[in-house]
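**Q** Below is the structure I would like to discuss, written out as structure tokens.
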Amino acid sequence: MEMPAPHVWRGVLILGIVANAPCLYFPHSPAEDTLSQESNPRRKPRVFYGWVIVGVVAMGSFTHSAETFPILSVFLKPMTEEFGWSRSAFTGAMTLGTLLAAVIAVFIGPVLDRFNPRWLMAGAFLVMGGSFILMSQVTELWQFYLVQIASRAVHMGIISVAIAVIIPKWFVAKRGKAVSIGAMGNRAGGVAIPLFTQAVVNVASWRWATFGVGILILVVSVLPSALFLKRKPEDIGQLPDGVLPEEMERAKQQSPDESSKPKRQQRQDVSYTVRQVVRMRSFYLLTTAFALMFIINPATSLHTIPFLTDQGLSTKVAVATVSTWAATGLIGTLLAGYMADHFNLRVVAGTQYVLLGVSFIFLQMVDSAPLAIAWGLYYGLIQGGTFIFQQVMLADYYGRESLGAIRGLVWPVQSVANAIGPIAAAFVYDQRQSYTLAFNTFLVLALIAATLTYMAKPPKAPVSTTTVAEKP
């Protein structure tokens, strides 16, 4: 089946740009969206706008998943077989794009602290969707590198950073719950988009599949991001969780002694500066642990389908396994959100890393469809909480005000790790025709990450810190 002529997808891109151009502008000040508090200073809205933010982030996360490795792995074999590329050559494009994203993220983080993220997110989704459409036309390796580097750079350098920052700025008491709901979009995309792309590959070709994914990104994510995203609740006269300033003031005056409340029912809304954070031992322990997990997870996502097919399983079973882990990841994501709000974060995150390491022993035992699906159930349930815990921990430990800048420091390290993992696993396979060494290494790295997380004690908040009690 032939692809649309170049003028067709060129027209689609131009139409998308024209349709969204009015929304893509740089705000003149951090408060450019601020609604006047004087217009209705005492009235509390029926629906806290933070939940609108959660919905928009969930929609963006859905299409954002298209550039993740479970989806890209669907294209690995058909593209490498058609063009005669090695798996290392295919993975190299994502590696370079991820390294470029590491540089971009340093500058994006502070921008997210100062300005409304809508123009940034809408523009990034426009580039990402356009890149997938252009990928349907590639005939040479350099063309594939050009579009994938661009897509990967905005995916990791802009969208991923923004998604990790936006929701935690709107919530404190309900942070874990809100972050997990927002992340369900990514999980839903991980279920639906691989099935969609594989079905299109089977019926038509990988070119039609990439074209369809590009259109999906433009339709679902560009306009909602441009129209509805806002920076933080203070910009519309509220406080996190929908509390009005006067309500918070009354709560300070009437609240009982906080020390009498259960420890995990307290969440402190204290913000540290970047200068303070980089002097803290916990920052380096968490950054290293997060980076190790970013070596493991992307590499596993990209190479699971090729590994399972190398084991003699069909492509349908391999894709079904990835979709199964994405589906159980929905449950794992919600469970992680609940645990983040009610239990010691260091303990639950560290334990999750240990259980994730065990999954690689299980994976190497998979030699049948039932075992593959069982592994997908286990891995999804455990892996579903990885990014949730990371988002909540950084916000809980270091606060909301400089969260973008702090994430901008952590993310480049994670991006480099993200770049290393998949290409290293591909290199191991190309050299040994086996993933055994790679998977055993991932087991060890997961155990190291767990140890570092257990050691990363949160900073002690100043006496003057406002403590927000967790609602039942």
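**Q** Cross-link list Lys174/Lys230; Lys169/Lys457; Lys174/Lys232: which exceed 20 angstrom alpha carbon to alpha carbon?
**A** Lys169/Lys457
**Q** Next question. Counting residues in region 286-335 as N, plug N into 2.2 N^0.38 Å and put the Cα Rg over that result.
**A** Expressed relative to 2.2 N^0.38 Å, the Cα Rg reads 1.36.
**Q** Still on this structure: Can you compute the equivalent ellipsoid semi-axes for region 99-229, i.e. the square root of 5 times each eigenvalue of the Cα gyration tensor, sorted largest first and rounded to whole Å?
**A** 28, 18, 12
**Q** What are the principal axis extents of the Cα atoms in region 289-374, in Å, biggest first?
**A** Largest to smallest, the principal-axis extents are 42, 23, 18 Å.
**Q** Once amide H atoms are placed 1.01 Å from N in the peptide plane, what residues at a sequence separation of 5 or more from Gln364, or on another chain, have their amide H within under 5 Å of its amide H?
**A** Residues meeting the amide H criterion: none.
**Q** So, one more: HN-Hα J couplings of region 206-214 from phi, Karplus 6.51/-1.76/1.60, θ = phi - 60°, integer Hz, Gly and Pro as x?
**A** Each residue of region 206-214 in turn: 5, 5, 5, 5, 5, 4, x, 5, x Hz.
**Q** I've got another one for you. According to the Kirkwood expression over distinct Cα-Cα pairs, how big is the hydrodynamic radius of region 71-115, in Å?
**A** Taking every pair of different Cα atoms in region 71-115, averaging 1/r and inverting gives 12.5 Å.
**Q** On to the next question. Tell me, what does the Kirkwood hydrodynamic radius of region 85-162 come to in angstroms if you use every pair of distinct C-alpha atoms?
**A** One decimal place: 12.9 Å for the Kirkwood radius.
**Q** Along region 108-121, what does the Karplus equation 6.51 cos²θ - 1.76 cosθ + 1.60 (θ = phi - 60°) give for ³J(HN,Hα), rounded to whole Hz, x for Gly and Pro?
**A** Ordered by residue, 3J(HN,Hα) equals 6, x, x, 4, 5, 6, 9, 10, 4, x, 5, 5, 5, 5 Hz.
**Q** Right, another one. Gap in Å between the Cα centre of region 65-94 and the Cα centre of region 140-162?
**A** 13
FYI, it's all coordinate maths here, none of it is from the lab. Everything quoted here is computed from the prediction, not taken from an experiment.
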